[in-house]
Amino acid sequence: MATNENIFPRSAANHIPGSGEPVTGAPNVLWRFPTRDDSSRRGREFGRQILAIAFVGDFFVILAGLLLTFFIRFQSPIREWGFNARPVLGDYLGYILLAAVLYEGMLCYGGVYDHRHLLRLRAVTACILKWSVAWVGLILLGSFLLKFQPPISRIFCVMAWVITPGLLLIWRSGFQMLLKGTSAASALRMRVVFVGWNQHTAHLAHSFNRSHGSAYLVVGYVHGHANEHADPSIAYLGSIEEAERIISSIPIDMLVLADLEYEGEQILNLAAACEREMVEFKVVPSYFQILVSGLHLETVGGIPVLGVGRLPFDRIVCRAVKRIVDIIGGIVGLLLSLPIVCLFGTLVYLESPGPIFYRQRRSGRNGKPFDIIKIRSMRLDAESNGKVGWTVQNDSRRLRIGTFMRKWNIDEVPQFWNVLKGEMSLVGPRPERPELVARFKHDVPHYNARHNAKPGITGWAQVHGLRGNTDLAERINYDLWYMENWSPILDFQIMCMTISSHKNAG
């Protein structure tokens with residue numbers, strides 16, 4: 001790849017991702033980087049080819065799933081179940097082709113073939129499972145309304161709903177593993193340059209670089225001065241005055257404006273330069289530092305207005321689904337945990353005679369107080385000094401059995417009763433004590449926003465080790481991310497992660 005060595009002074013100590021060109025010297029100023037040439041276009045074309053392979057592969061896997069379903073349903077012993085006709089493959093071939101095209105179309109509409117999702121298996125999985133429900137529902141509805149002849153077996157539809165998405169997920173998992181093991185993954189990642197550098201930019205850049213399934217590759221950042229807010233792990237490309245030259249020189253796909261303090265003319269020039277070079281121009285809405293995924297643009301009186309719109313928990317269908325899952329999970333959890341409560345309650349009483357359960361006032365959704373229930377894991381005089389606070393590592397107030405219970409989250413199991421009563425959810429931000437809420441809502445930015453959701457027995461922050469005496473601001477970021485990105489699949493993932501996540505437990 002061609003390089004341009006004379007645009008900036010030779011003084012840098014960075015490596016530009018994807019360039020293979022280390023730069024050496026003093027502060028973070030780039031002097032050697034790949035120039036924009038045909039390789040950029042070839043990379044994009046290669047990415048489109050991979051998308052085409054995924055598209056064609058999905059279609060044949062869907063066909064295979066439907067054909068397998070047909071043979072299991074009508075060519076195996078279960079053919080006797082509730083269906084008098086004995087269709088041959090020719091009778092169902094039209095249905096199978098129509099169902100395959102319909103499913104593929106739904107996946108297209110759902111964004112499965114967005115190149116940013118190819119390396120994100122969780123996003124693809126959620127989309128496949130979500131649209132599989134709509135797919136089989138539409139087939140059943142069409143069969144009922146249109147009176148197909150021969151009629152479509154409902155058992156066939158239910159089996160197809162299980163088998164076809166299952167095969168799709170197996171194929172996509174293998175395809176993703178293959179992509180990650182080759183250079184094809186880099187062709188699918190968008191090369192990003194940030195303009196402006198602050199804590200939000202740094203968090204976003206490091207999130208991109210940490211995630212193996214990220215759709216983005218951070219090339220570097222442009223800022224006022226090399227030593228201002230510099231991050232040694234991210235390449236410094238130059239000052240804002242040199243941004244247009246950088247855009248025209250470096251093969252990038254996206255420029256993200258993260259600092260709105262620049263002059264209006266500079267911002268307009270950046271947007272114009274991106275348009276000329278066919279680079280996506282994005283703006284980080286730094287004035288909306290919470291719930292940013294709810295931002296939407298609407299027209300009011302003919303004027304475009306940007307504001308925070310509805311989030312998942314604002315939709316009645318989402319709340320209903322979550323509540324139904326909570327009721328079922330609460331009942332099952334109480335029944336399964338009854339022997340555990342009896343066993344550990346007895347052990348607690350033997351070590352420290354007194355009440356087995358511990359009730360504590362917590363703040364719930366919209367700040368409404370309620371009493372959380374736990375198996376007592378500390379001495380009876382743990383808060384005799386009247387101070388309210390979190391447990392710390394190796395807390396001397398804990399019982400011996402309490403240390404074990406807290407490590408494995410066993411002390412939390414009575415909270416299934418709180419879930420059943422509607423005070424808590426299976427998954428959500430952990431509830432905090434009102435005394436601490438009164439302090440944190442003034443000291444920690446966006447702290448009270450987490451109370452827009454029901455608190456949970458477990459949560460996105462907890463499974464990432466952010467519990468007890470840990471960084472509160474980081475915990476809030478995880479809680480807000482959960483609220484913005486909630487889905488039943490995400491809740492299920494968090495519940496599974498809770499079983500194996502013990503970081504900072506206790």
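For the pair F55 and F71 in one chain, pulling the backbone fully straight at 0.36 nm per residue adds 3.3 nm over the alpha carbon distance.
I need the shape label for the stretch 405-506. Rule: rounded when a/c is under 1.5, else prolate if a/b > b/c, else oblate, with a, b, c from the alpha carbon gyration tensor.
rounded
In terms of distances greater than 32 angstrom between alpha carbons, the cross-link table entries K322/K374; K407/K441; K130/K421; K282/K407; K282/K368 yield K282/K407; K282/K368. Near Y216, the amide H atoms lying under 5 Å from its own belong to M190; only residues 5 or more places off or on other chains count, and H is placed 1.01 Å from N. What's the center-to-center distance, using Cα atoms, between the stretch 54-70 and the stretch 392-448 in Å? Rounded to whole Å, the Cα centres lie 46 Å apart.
Rounded, prolate or oblate: pick one for the stretch 454-501, where a ≥ b ≥ c are the square roots of the eigenvalues of its C-alpha gyration tensor, a/c under 1.5 means rounded, and failing that, prolate if a/b is larger than b/c, else oblate. Because a/c hits 1.5 or more and a/b fails to exceed b/c, the stretch 454-501 counts as oblate.
Per-residue 3J(HN,Hα) values for the stretch 321-332, derived from phi via the Karplus relation 6.51 cos²θ - 1.76 cosθ + 1.60 with θ = phi - 60°, read 4, 5, 5, 4, 4, 5, 5, 5, x, x, 5, 4 Hz in sequence order (x marks Gly and Pro). For the pair R122 and R323, label points projected 7 Å from Cα toward Cβ lie 2.8 nm apart. Proximity of backbone amide H atoms, modeled 1.01 Å from N, is registered between G238 and L30, H223 at under 5 Å, excluding neighbours fewer than 5 places apart on the same chain. The label-point distance for V101 and V158, in a model that sets each label 7 Å from Cα toward Cβ, rounds to 2.9 nm.
At a Förster radius of 22 Å, what calculated FRET efficiency corresponds to the Cβ-Cβ distance of R79 and L138, to the nearest 0.05?
Working: r = 25 Å, r/R0 = 1.14.
FRET efficiency, R79 to L138: 0.30.
Here r is the Cβ-Cβ distance between L420 and E242 and R0 is 56 Å; the resulting FRET efficiency, rounded to 0.05, is 0.35. Comparing the stretch 57-203 with the 2.2 N^0.38 Å rule of thumb, its C-alpha radius of gyration ratio is 1.33 (two decimals).
Bear in mind these aren't lab numbers, they're just calculated from the coordinates by the rules spelled out. Predicted, not measured: the structure shown is a model, and the values here were computed from it. Please note: Cβ atoms are built from the backbone with ideal geometry, for glycine as well, and neighbour counts cover all protein chains shown.
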